[in-house]
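Student: Starting off with a structure, shown below.
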Amino acid sequence: MDIFEEIRALTEKYPDRRGALLPALYIAQEDAGWLSQEALERVSSALNLPQATVKGVATFYSMYKHRPMGRHLIQLCTNVACMIMGAESLVDFLKGKYGLEPGGTTGDGRFSLVIMECIGACDRAPAMLVDTDFHSDLTEGNIVEILEEYE
Amino acid sequence: MEKFLLKNIENPASASLEVYLKVGGYESLNKALQMEPADIIAEVKAAGLRGRGGAGFPTGMKWDFASRDVKFPKYLICNADEGEPGTFKDRPILEKNPHLLIEGMVISAHALKSEMGYIYLRGEYPYAKIVLEKAIEEAYATGYLGDNIAGKGVGFHLSVHQGAGAYICGEETALIDSIEGRRGQPRIKPPFPVNVGAWGMPTIVNNVETLANIPLIVSIGAEKYAAIGNPECPGPKLFSVSCCVERPGVYELPMGTTLREIIYDHAGGVRGGRELKAVIPGGISTPVLTPDGIDCPMDFVNLPKRGSMLGSGAVMVFDDTVCLVKVCWRAMRFFEHESCGKCTPCREGTGWMRDILERIEGGFGREGDIELLQDIALSITGKTFCPLGDGAAGVVLGFIKNFSDEFMYHITNKKCMVNKDSQSAG
């Protein structure tokens, strides 16, 4: 199904079509992993909302991406609990091992790294999401093993 | 204490309707459907339940206000935007006990005469979304959701609305903005959402844990419920315990359990038998306590007397390897990132405070920086639409009040009190 129809179907869940904007942006982001200008225009026309409205909302929320991402998105938490349990050394480690900077993408387009605020896994810190998979109790040893699963 | 909120979650299939029904699931709903809506509200009021999201507002009173409004439709929104750093208490309900939440919501909807509800789920919990959507599907298929619930003529529809990584949307008016498809920016109150909420209609926003308490109140009655924990704010409470303890995790204990009991009896004490240095009792936005404060009962009444707050009940324990200036700096980086930008004192002040903390932490602190931080913090307090700014200010003021020596040491000696080699957090 084209995303246009998929987004139109979402509006049934809300008394006003604009309510569907956040889920619509997720749908538009799903294929390419980021929101291109074309994707934003598609959302705008499916919901019949001004482009400025769509872009204004899309840029407010940190989980919508506005430039191409790697094939896999690493979202690593560095908030207080994860920081105390060693998340900062993991950031340095990823830099050394994959040349991956926070906010950056590896040269081969395999991984992008985003530093997250709390992801609600403080009891198993440090923790990260890779795409939608959750991984916890990370160490320099096991983070490589985990990431090797993602081509 | 017998577990209610986390009942049966050790069972790997606890999220399924079949297993939930086997342990008495939806019996409270069946009972509630025989009751008049006003009687359910009276029961919740008498039970003394206070909201578990952080503010501790009496739930029955909120419901009463909403039920007095004559406008329809009314929306019931579950706040599952659990974003307060240190907090992961709602996660086990969302991922392992979703039908308890749904049951709580349907009872609440019946009491409030709401026919439409949303679960506003944070974007960082993708697994919970899968679990909740499956549970909702099961509930529809069995008639616990829909136009004629359990054949009693009560209608309620429910869906999941996924947030997208904005802490501020945990604030109820920003959350409503977000459901309406807007940037999440808090609105001035009044009007309160119970009168003018989503799409201008009466809207009740309750936290996951609050709604999950409703089936218990209906099941055992207000009197028995009010006897659990501190009578001034009773009930079971989820505490998420993290950082430097032997057994971090979520613990369901009576409201009013002391910090000492939580840390030493339940979470196994400070890791490696090290010395306790500081505790944040209710998530990063609540002021830090010194070790002499740990005999304080964890509830909405006693923590304010100690200069802190229960918040979300997220206990963050710091031992003597942790640099508190660094913790304060990291907390401020969070507030700066999450400030929605609507109110100038918060938008600018959080950045300034992060900047100053960064230079103190890095060994470039100046004389007068502590006073400057206090000045900025006091210029934010009470001057913003929502509590994010107050929280950020309170964090700085709390750390300076209780650990000014450590801040002074950093400024005077251009280095950390904690030996770098033994230091946690880099």
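One line per residue, one yes/no per condition, for (1) touching a Leu at 6+ places or on another chain (Cβ under 9 Å); (2) surrounded by fewer than 24 Cβ atoms within 10 Å (Cβ to Cβ); (3) at the interface with chain A (Cβ under 10 Å from one of its Cβ atoms):
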| position | (1), (2), (3) |
| --- | --- |
| B:Arg306 | yes, yes, no |
| B:Leu310 | yes, no, no |
| B:Val322 | no, yes, yes |
| B:Val327 | no, no, yes |
| B:Met332 | yes, no, no |
| B:His337 | no, yes, yes |
| B:Thr344 | no, yes, no |
| B:Arg347 | no, yes, no |
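Student: Need at least 1 residues that are among the polar types (S, T, N, Q) and under 18 Å from the mean Cα position of the chain (by Cα) per element, so show me which strands (runs of 3 or more DSSP E) inside region A:44-151 make the cut, counting only ones lying wholly within it. Write out each step before concluding.
Tutor: On the way: elements: A:72-77, A:111-116, A:128-130, A:133-135.
The qualifying strands (runs of 3 or more DSSP E) are A:72-77, A:111-116.
Student: While we're here: From the list B:Val315, B:Val270, exactly one residue is within 14 Å of chain A (Cβ to nearest Cβ), in contact with a strand residue (DSSP E or B) (Cβ under 7 Å, 6 or more places away or on another chain) and closer than 30 Å to B:Gly48 by Cα. Which is it?
Tutor: Values: B:Val270 fails: closer than 30 Å to B:Gly48 by Cα.
From the options B:Val315, B:Val270, the qualifying one is B:Val315.
Student: Any residue in region A:21-35 that's within 12 Å of chain B (Cβ to nearest Cβ): show its pairings with residues that are surrounded by fewer than 16 Cβ atoms within 10 Å (Cβ to Cβ) at Cβ separation under 7 Å, as long as the two are six or more apart or on different chains.
Tutor: A:Ile27/A:Glu6; A:Leu35/A:His66
Student: Now for a separate question. Check whether at least one residue in region A:45-61 is under 21 Å from A:Ala121 (Cα atoms) and either within 13 Å of chain B (Cβ to nearest Cβ) or of a type in the set (Ser, Thr, Tyr) (or both), and report yes or no. Working first, answer last.
Tutor: Looking only at region A:45-61, we keep the residues that are under 21 Å from A:Ala121 (Cα atoms), and these are A:61.
From what's left, either within 13 Å of chain B (Cβ to nearest Cβ) or of a type in the set (Ser, Thr, Tyr) (or both): A:61.
Yes - at least one qualifying residue is present in region A:45-61.
Student: Can you name every residue in region B:57-103 that is assigned to a loop (DSSP other than H, G, I, E, B) and buried (at least 19 other Cβ atoms within 10 Å of the Cβ)?
Tutor: Residues of region B:57-103 that are assigned to a loop (DSSP other than H, G, I, E, B), as a first pass: B:57, B:69-74, B:81-89, B:97.
Passing the criteria: B:Lys74, B:Asp81, B:Glu82, B:Gly83, B:Glu84, B:Pro85, B:Gly86, B:Thr87, B:Phe88, B:Lys89, B:Asn97.
Residues are listed down the side, and each one gets a yes or a no for (1) part of a strand (DSSP E or B); (2) at the interface with chain A (Cβ under 10 Å from one of its Cβ atoms); (3) farther than 30 Å from A:Ala58 by Cβ; (4) without any contact (Cβ under 8 Å) to a residue 12 or more places away in the chain:
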residue	(1), (2), (3), (4)
B:Val160	yes, yes, no, no
B:Cys169	no, yes, no, no
B:Gly181	no, yes, no, yes
B:Gly184	no, yes, no, no
B:Val218	no, no, yes, no
B:Glu232	no, no, yes, no
B:Leu253	yes, no, yes, no
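Student: Of all residues in region B:295-346, how many are under 18 Å from the mean Cα position of the chain (by Cα) and among the charged types (D, E, K, R)?
Tutor: Qualifying residue count for the region: 2.
Student: Here is a further query. Quick one: which of B:Lys342, B:Lys415 is touching a residue at least 60 places away in the same chain (Cβ under 8 Å) and of a type outside the set (S, T, N, Q)? Walk me through how you get there before you give the answer.
Tutor: Values: B:Lys415 fails: touching a residue at least 60 places away in the same chain (Cβ under 8 Å).
Exactly one of B:Lys342, B:Lys415 is touching a residue at least 60 places away in the same chain (Cβ under 8 Å) and of a type outside the set (S, T, N, Q), namely B:Lys342.
Student: Could you tell me which residue of region B:13-32 is nearest to B:Gly151 (Cα to Cα), considering only residues that are of a type outside the set (Gly, Ala, Ser) and crowded, with 17+ Cβ neighbours inside 10 Å? So that I can check it myself, show each step before the final result.
Tutor: Initial filter on region B:13-32 (of a type outside the set (Gly, Ala, Ser)): B:17-23, B:26-27, B:29-31.
Still in the running and crowded, with 17+ Cβ neighbours inside 10 Å: B:17, B:20, B:26, B:29.
Numbers: B:Leu17: 18, B:Tyr20: 20, B:Tyr26: 14, B:Leu29: 12 Å.
For region B:13-32, the residue satisfying everything is B:Leu29.
Student: Restricting to region B:97-153, give me the number of residues that are of a type in the set (D, E, K, R) and touching a residue at least 40 places away in the same chain (Cβ under 8 Å).
Tutor: As a first pass, look at region B:97-153 and keep what is of a type in the set (D, E, K, R): B:103, B:113, B:115, B:122, B:124, B:129, B:133-134, B:137-138, B:147, B:152.
Right, trim to touching a residue at least 40 places away in the same chain (Cβ under 8 Å) and you get B:103, B:113, B:115, B:122, B:124, B:134, B:138, B:152.
Qualifying residue count for the region: 8.
Student: Now, a different point. Answer yes or no: is there a residue in region B:289-303 that is within 12 Å of another protein chain (Cβ to nearest Cβ), closer than 22 Å to B:Asn419 by Cβ, in contact (Cβ under 8 Å) with a residue 12 or more places away in the chain and not charged (D, E, K, R). Step through it out loud before you land on a result.
Tutor: As a first pass, look at region B:289-303 and keep what is within 12 Å of another protein chain (Cβ to nearest Cβ): none.
No, every residue in region B:289-303 fails to be within 12 Å of another protein chain (Cβ to nearest Cβ), closer than 22 Å to B:Asn419 by Cβ, in contact (Cβ under 8 Å) with a residue 12 or more places away in the chain and not charged (D, E, K, R).
Student: Next question, about the same structure. Out of region B:359-369, which residues are touching a residue at least 12 places away in the same chain (Cβ under 8 Å) and away from every other protein chain (no Cβ under 14 Å)?
Tutor: As a first pass, look at region B:359-369 and keep what is touching a residue at least 12 places away in the same chain (Cβ under 8 Å): B:360-361, B:363-367, B:369.
Residues satisfying the conditions are B:Ile360, B:Gly363, B:Phe364, B:Gly365, B:Arg366, B:Glu367, B:Asp369.
Student: If a residue must be crowded, with 20+ Cβ neighbours inside 10 Å, of a type in the set (Gly, Ala, Ser) and touching a helix residue (DSSP H, G or I) at 6+ places or on another chain (Cβ under 8 Å), how many such residues does region B:124-176 contain?
Tutor: Result for region B:124-176: 7.
Student: Given the conditions (1) within 21 Å of B:Gly54 (Cα to Cα); (2) of a type outside the set (Asp, Glu); (3) facing chain A (nearest Cβ under 10 Å), report the number of the one that B:Thr173 does not fulfil.
Tutor: Exception for B:Thr173: condition (3).
Just so you know, all these numbers are worked out from the coordinates, no wet-lab data involved. For clarity, every value in this text was computed on a predicted model and none was experimentally measured. With ideal geometry, Cβ positions are generated from the backbone for all residues, glycine too; neighbour counts draw on all protein chains shown.
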